[in-house]
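The values are calculated or read from the model by the stated rules, or taken from the named source; none is laboratory data. Bear in mind that the values here come from a model prediction, so they are computed numbers and not experimental data. So basically every Cβ, Gly included, is an ideal-geometry build from the backbone, and we count neighbours across all protein chains shown. The area values use the complete protein model at the heavy-atom level, side chains included, leaving out ligands, DNA and RNA. Shrake-Rupley method; radii C 1.70, N 1.55, O 1.52, S 1.80 Å.
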Amino acid sequence: MELRRSRVIAVAILLGLLGAVIPIAAMVYISRAITVEKQQDSLARVAGQTIMRASRTFRDAKIALDSLAYPRLPPCSPQHIARMRVVAFNTISVEEVGYFENGLLKCTSWGPASGNVRRVAADYTTPDGLDVTMKVTPAVAMGNPVMALHYGAYGVLVDPGRFVDVLVEDHISLALANQDGVPINSLHSPDPKLVRSLTGGPRKGMTDTLLYAVARDNGLIAIAMEPKANLSGKLRDEQFLLLPVGGFIAAFIVGVVIWLSKKRLSPLGELAIAVRNREFVVHYQPIIDLKSGACVGAEALVRWRRPDGFLVRPDLFIPLAEENGLIMPITDQVVQAAVRDLGPLLRSERALHVAINLAAADITSGRILDVLARTLAGTDIEPGQIWLEATERGFIDIEAARVTLIRARERGHIVAIDDFGTGYSSLQYLQGLPMDALKIDKSFIDTIGRNTATSAVTSHIIEMAKTLDLKIVAEGVETEEQAQYLRAHEVNFGQGWLFSKPLPASDFIDYYRNNKTRSGSGRGGIRVVAA
Ligand code: C2E
Ligand code: CA
Ligand code: CA
């Protein structure tokens with residue numbers, strides 16, 4: 001019992017802890033995942049915008065360069081220079097246009113070139129044929145190095161700042177590179193080593209310290225990065241929303257666990273488990289033929305053996321089982337145990353019977369008869385070897401009881417009225433019921449030899465039973481004096497501590513065999529007075 005209690009409590013505590021921790025941990029995890037996802041999405045947007053801007057800059061430069069090829073104007077003529085100036089002016093990203101011949105700068109949008117300016121070597125070529133040089137110091141110095149894009153005889157200078165000219169928060173850094181990972185420009189100084197390692201990587205991700213998103217298009221790669229440390233504020237916002245949900249779920253689970261374990265730990269909960277686990281054993285109390293001293297039967301008395309081995313008396317759980325519909329499965333288990341325990345003995349000893357106690361639900365429903373039929377089928381136990389004990393408490397629905405008892409007798413069972421005399425009903429009232437035997441309650445047997453008013457009732461009951469031709473069993477016979485009295489009044493059977501207490505099945509079988517050899521097998525054998 002204690003074992004099971006502590007196991008239930010241990011399991012409940014464990015489940016309660018898990019139920020409390022898991023939802024909260026899950027919400028912490030989910031809010032972090034959501035925050036990371038959201039941030040990566042916004043980084044992906046930034047990277048996408050960067051790529052778009054860079055692509056547009058390249059495309060505009062290409063359009064500008066294409067537009068210079070035609071119409072052909074006399075190189076470095078005033079019209080030619082004017083035209084280059086118009087292009088430089090009209091193309092937002094282009095700062096300056098230059099015209100080259102044999103690798104030498106001839107003139108620019110500013111005018112004829114002075115000195116020997118060579119065309120710079122390309123760092124790489126874009127998919128649409130632009131030769132790109134990352135860092136060039138322009139002929140007309142503006143200080144900052146610029147990017148040169150060459151196509152045919154022309155070159156344009158582009159301010160690389162335009163590529164990463166997107167509006168981002170200070171903690172977000174940006175890098176733009178070509179498809180080979182050659183850096184084009186960056187914003188908020190990202191770690192170049194990291195940038196290189198990310199150019200070939202997946203679209204989104206995180207390192208130990210950073211979240212990042214990568215966008216690719218038109219031979220360009222843009223990477224937006226943000227330190228993880230930056231998440232905490234947003235994480236808190238997310239947790240503020242989700243943690244109460246986790247707390248609510250946790251509280252709900254803990255509540256359910258407490259409710260379930262309370263239910264399990266309640267006597268009724270435990271009894272229900274006992275029924276499911278078939279924790280019942282049956283003891284057998286010998287019923288003695290008072291004249292011969294021979295054991296003629298046994299009453300099956302149920303006990304609940306708890307997992308720790310402790311035996312619980314039936315008065316402590318039968319009423320609870322009766323109130324809660326658990327009695328019928330218990331009766332079934334008693335029937336099955338009796339057939340299993342005493343089957344061989346009943347087959348070899350046809351005069352022996354076993355008496356089963358029926359509860360009101362068994363009698364009213366009559367369902368016990370089918371259980372009996374099923375259990376007895378193929379066992380070669382005769383129906384007459386099974387006695388059914390019904391108390392007056394079982395006659396709540398007297399008509400239903402009558403039907404069940406009639407059917408029981410039709411099937412050959414012996415019907416005994418149990419605890420007779422303790423109820424309100426008179427023998428007259430019971431007379432209408434089909435029955436074979438009367439069990440006189442212990443309280444009447446107790447009065448024998450005591451000069452009380454009820455002791456007179458005892459002899460009355462005996463006489464009336466005899467006139468109705470009922471067999472009589474006296475319950476709770478504890479003294480030889482009582483046995484003597486009952487014999488003198490020709491009561492057929494006795495049951496009580498004088499003969500034996502209820503015994504486990506194997507002890508009862510031993511008792512039966514010993515009693516048989518002592519009392520002799522014949523009728524009217526030696527009378528035995530048990531100690
Ligand atoms: P009951 O049917 O009147 O059973 C007789 C009770 O009296 C048994 O108690 C038995 O051990 C006890 N008893 C027998 N001889 C003596 C004696 O000489 N002196 C004393 N002091 N007691 C004696 P038990 O086994 O504790 O059963 C108590 C009650 O529980 C039973 O009373 C019966 O009403 C109920 N019960 C037992 N087994 C079952 C069962 O399988 N089904 C149902 N529905 N009720 C059962
Ligand atoms: Ca009984
Ligand atoms: Ca009784």
Just give me the residues in region 85-109 being in a loop (DSSP other than H, G, I, E, B) and more than 22 Å from GLY161 (Cα to Cα), in sequence order. ASN102, GLY103
Using the structure shown, decide if LEU157 is surrounded by fewer than 15 Cβ atoms within 10 Å (Cβ to Cβ) and modelled with pLDDT of 90 or more. no
Would you check if ALA408 is part of a helix (DSSP H, G or I), within 26 Å of ALA337 (Cα to Cα), within 16 Å of ligand 1 (Cβ to nearest atom) and modelled with pLDDT of 85 or more? yes
Could you say which residue among LEU358, LEU320 is out of contact with any Lys or Arg (no Cβ under 9 Å at 6 or more places or on another chain), away from ligand 2 (no atom under 14 Å from the Cβ), at negative phi and not β-branched (Val, Ile, Thr)? LEU320
Collect the residues in region 469-512 that are of a type in the set (Ser, Thr, Tyr), within 13 Å of ligand 1 (Cβ to nearest atom) and under 54 Å from the mean Cα position of the chain (by Cα), keeping them in residue-number order. SER500
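Let's see how each residue does on (1) more than 30 Å from GLY421 (Cα to Cα); (2) part of a helix (DSSP H, G or I); (3) at pLDDT below 95:
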| position | (1), (2), (3) |
| --- | --- |
| ILE472 | no, no, no |
| SER506 | yes, yes, no |
| LYS516 | yes, yes, yes |
| SER521 | yes, no, yes |
Residue ID - farthest from ligand 3 (Cβ to nearest atom), chosen from residues in region 474-504 that are among the polar types (S, T, N, Q) and assigned to a loop (DSSP other than H, G, I, E, B): THR479
Working only within region 213-230, note down all residues that are closer than 30 Å to ARG59 by Cβ and open to solvent by 60 Å² or more (accessible area, probe 1.4 Å). ARG216, ASP217, ASN218
Just to verify a result, which residue in region 384-399, among those that are open to solvent by less than 20 Å² (accessible area, probe 1.4 Å) and in contact with a helix residue (DSSP H, G or I) (Cβ under 6 Å, 6 or more places away or on another chain), is farthest from ligand 1 (Cβ to nearest atom)? GLN385
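Kindly establish whether VAL339 is β-branched (Val, Ile, Thr), closer than 27 Å to VAL477 by Cα and surrounded by fewer than 22 Cβ atoms within 10 Å (Cβ to Cβ).
When the stated conditions are applied, VAL339 passes them.
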Looking for whichever is touching a helix residue (DSSP H, G or I) at 6+ places or on another chain (Cβ under 9 Å), modelled with pLDDT under 90 and of a type in the set (D, E, K, R) here; the options are ARG5, ARG83, ARG32. Which one fits? ARG5
Can you give me the number of residues within region 39-56 that are of a type outside the set (Gly, Ala, Ser), open to solvent by 10 Å² or more (accessible area, probe 1.4 Å) and more than 14 Å from ILE172 (Cα to Cα)? 3
Answer residue from region 411-429, given it is within 15 Å of LYS471 (Cβ to Cβ) and buried (at least 19 other Cβ atoms within 10 Å of the Cβ) and is modelled with the lowest pLDDT among those: PHE420
Restricting attention to region 122-133, the residues that are out of contact with any helix residue (DSSP H, G or I) (no Cβ under 8 Å at 6 or more places or on another chain) and either open to solvent by less than 80 Å² (accessible area, probe 1.4 Å) or not assigned by TED's automatic domain parsing to the domain that holds ARG56 (or both) number exactly 7
Condition first: β-branched (Val, Ile, Thr) and in a strand (DSSP E or B). Now tell me which residues in region 411-422 satisfy that. ILE414, VAL415, ILE417
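Kindly establish whether GLY233 is surrounded by 17 or more Cβ atoms within 10 Å (Cβ to Cβ) and either within 30 Å of VAL36 (Cα to Cα) or in the same structural domain as GLU478 (by TED's automatic domain parsing) (or both).
no
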Suppose we filter VAL339, VAL334, VAL296 for residues that are among the hydrophobic types (A, V, I, L, M, F, W, C) and within 16 Å of ligand 3 (Cβ to nearest atom); which single one remains? VAL334
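Matching residues to (1) modelled with pLDDT under 85; (2) touching a helix residue (DSSP H, G or I) at 6+ places or on another chain (Cβ under 7 Å); (3) open to solvent by 20 Å² or more (accessible area, probe 1.4 Å):
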{"position": "PRO145", "(1), (2), (3)": "yes, no, yes"}
{"position": "ALA153", "(1), (2), (3)": "no, no, yes"}
{"position": "GLU169", "(1), (2), (3)": "yes, no, yes"}
{"position": "SER173", "(1), (2), (3)": "no, no, no"}
{"position": "LEU176", "(1), (2), (3)": "no, yes, no"}
{"position": "VAL182", "(1), (2), (3)": "yes, no, yes"}
{"position": "MET206", "(1), (2), (3)": "no, yes, yes"}
Can we say ARG72 is open to solvent by 80 Å² or more (accessible area, probe 1.4 Å) and touching a residue at least 12 places away in the same chain (Cβ under 8 Å)? no
Might you let me know whether region 350-357 holds any residue that is within 16 Å of ligand 3 (Cβ to nearest atom) and at pLDDT below 95? no
A careful count of residues in region 465-524 that are β-branched (Val, Ile, Thr) and surrounded by fewer than 21 Cβ atoms within 10 Å (Cβ to Cβ) gives 4
